[in-house]
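Each value in this text was obtained by applying a stated rule to the coordinates, not by laboratory testing. Please read all numbers here as calculations on a predicted model, not as lab measurements. Please note: Cβ atoms are built from the backbone with ideal geometry, for glycine as well, and neighbour counts cover all protein chains shown.
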Amino acid sequence: MRTDGTVYYLNACASQMFNIPASQLEGKPICSYVSEVNGERSWEEIFTLMLKQELCKTNVIIHPHENNEDIICELSSFFVPGNKDYPDSLALIFRNITQQTRIDEQIEKKNLEMAKMNSELIRSNAELKRVSEMKSNFLSIASHELKTPLTSIKGYSDIIIDNMKEKIDSGVYRMIESINRAADRLHRVVNNILDVTRIEQKRLRLKPEMIDLGVVAKDCIDELSQFSLKRGITFNCTFDKGDLQFYGDKMKMQQVFTNLFSNALKYSPDGSVVEVSIGKQNQKRFHIIVRDHGIGIDKSEQKNIFDAFYEVGSATRHSTDFSKFMGGGTGLGLSIVKGIVERHGGKIWVESEGVKENSFPGSEFHITLPFKAEISWDDDETKFSSIEKEDELNEQEISLQTEVKPTILFIDSDREAVEIARMVLENAFETIVAESGEVGLSLAFQHHPSLILMDSYLPGIDGYRVCRILRSQDETRDIPVAFFSAGTQNDEIQKCFACGADDFIVKPFSGRELVDKIWRLLMKKKEEETFK
Ligand code: ADP
């Protein structure tokens, strides 16, 4: 270029770029053909800067002559000093970078899209986590809330079944029996939901001890024998001779075996065989295999079945396609099994050829476990909420019903009320009765009952004084005391608590209310003893 901005010489390549014969451009300015990429500078400005050697490289767009397709170029320049034959000039070199720029633009666009998707993923991940936590909390609270009414349903139906068979209509009796069975089923489901939420929230506690895996597995098989015998299904056990001593939680391992064995029963035809083998995989781990000859599991489902609430197909399919046997459940069993196994530092997987028309390919569940449970998360006490502790107490509540009966001492001169209370309670509790404060006190010292229920109005020393005396003596200080009260007057309630009572029950009370109150007080006492 001449220093005045007109073209001095154009090579063939440049002529092609500008889409114009060199002769037509030589001696002319090129400002109408060139502009700066993303630049606010005019061609004249750029040219001036290059001439002063203040700019030697920039990207420009060439708008070729009579052509719509722009070309993006990297433009570099250098000054060529003149001599007597040639004037000073500026050499411009245009390098076509259109394709490269288009690719770079595409990459940048994709990068931006990916960054956007990434931040959306992070956001939805956080949202998923929040919803999952909400779900776990909801399940935990809902199950917990279900346990209290369940205890009453179970408790009352037990009382009727054990004591009233002859006294009530046989049809009603059968209904009560089915209520009782339904309560047991619901109790199992509630416990499963609680286990799943404990696993999801990493709150599953282990109580490890030395156990023999073979013995635990055999016990579980025996427990299920009423179902397996009925269906003609046999368990074939191959246990390695020698040491199968495992340091882990016995109850939880029972859950693992029971769930796997009952699935094997559920999804296998009558008369088939379930093979159980337990041995050492190597010097560090046990290998447990439960192999059935049932309907099998599709390859595409083999990962999903360990997710909570996941069920393959429908129970109807299992029971109609291959008559005689019945599948279906809640979809919680395997997720609990996986949670327990992993909690012990183990692994679980399934192998199956998949479901096949009218044949039984079967499934093989494999578990590996370290000889000594490797606890995979902390037993951090702070993680165990009050609900968790109450759940445990509720479990004890159900178990309390099967332990030695607690003794209740009634101190009340109202014989009728005492009789009703005794009728409601006699199945679950031992009861003793005193009709005066003095007799009540001596029975309390003599029997040290689990709980005292008394009226405030008593002949001789009144209930409030009796309660104060009980509270002042070491032997009776810890016995929970509840007052029967005829009203809910504030001063009367205050008097109850002021003398050291734990609670009061307003007359007339319902049997359910009485039982609930008694269990609550017994639980509270047990809780205080546990956390002392
Ligand atoms: P469920 O209570 O429904 O049995 P699980 O979590 O124990 O729940 O099992 C999840 C699903 O895995 C079941 O619905 C069933 O479809 C499948 N499954 C589990 N064990 C077996 C098995 N031994 N054979 C075939 N399918 C099985």
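Computed FRET efficiency, Cβ-Cβ of Q100 and C56, R0 25 Å: what is it to the nearest 0.05?
0.80
So how far apart, in nm, are the two label points at A142 and F227 if each is 7 Å from Cα heading toward Cβ?
2.4
Over 30 Å between C-alpha atoms is what I'm after, so list which of K230/K284; K165/K218; K241/K299; K147/K252; K241/K356 land there.
Check vs 30 Å cut-off fails for K230/K284; K165/K218; K241/K299; K241/K356.
Assuming R0 = 22 Å, what is the FRET efficiency of K135 and A182, from their Cβ-Cβ distance, to the nearest 0.05?
According to the calculation, E is roughly 0.30.
Estimate the FRET efficiency between E301 and E108 by the formula 1/(1 + (r/R0)^6), using the beta-carbon distance for r and 45 Å for R0, to the nearest 0.05.
For R0 = 45 Å, the calculated efficiency reads 0.60.
Which values of log₁₀ I(q)/I(0), to two decimal places, follow from the Debye formula for the range 208-370 at q = 0.08, 0.09, 0.17 Å⁻¹ with a uniform point scatterer at every Cα?
Normalising to I(0) and taking log10 leaves -0.22, -0.28, -1.01.
For a quick check: sort K266, K207, K280 by the number of other beta carbons within 10 angstrom, fewest at the front.
Ordered from fewest to most neighbouring Cβ atoms within 10 Å, K266, K207, K280 come out as K207, K280, K266.
Run the numbers for F371 and I461: contour at 0.36 nm per residue of separation, minus the present Cα-Cα distance, in nm.
Length difference between fully extended and current span is 26.0 nm.
In nm, what is the difference between 0.36 nm times the number of residues separating E426 and A12 and their Cα-Cα distance?
Taking 0.36 nm per residue and subtracting the Cα distance, the gain is 137.7 nm.
Starting from the Cα of D88, step 7 Å along the direction of its Cβ; do the same at K284; then give the gap between the two resulting points in nm.
Those two pseudo-labels are separated by 7.9 nm.
Could you work out the equivalent-ellipsoid semi-axes for the chain, taking the square root of 5 times each eigenvalue of the Cα gyration tensor, largest first, in whole Å?
Semi-axes, largest first: 84, 37, 21 Å.
Counting other beta carbons within 10 Å of each Cβ, put W519, W43 in order, fewest first.
Listing W519, W43 from fewest to most nearby Cβ atoms yields W43, W519.
Determine, for V466, V60, the number of other Cβ atoms within 10 Å of each Cβ, and report the residues in order from fewest to most.
So the residues, fewest neighbours to most, are V60, V466.
Length gain on complete extension for the stretch S23 to S413, per 0.36 nm per residue less the alpha carbon to alpha carbon distance?
Working: separation 390, 0.36 × 390 = 140.40 nm, distance 12.96 nm.
Additional length available on full extension: 127.4 nm.
For the residue pair E74 and F309, what label-to-label distance in nm results when each label sits 7 Å from Cα along the Cα-to-beta-carbon direction?
If labels sit at E74 and F309, their model points lie 5.8 nm apart.
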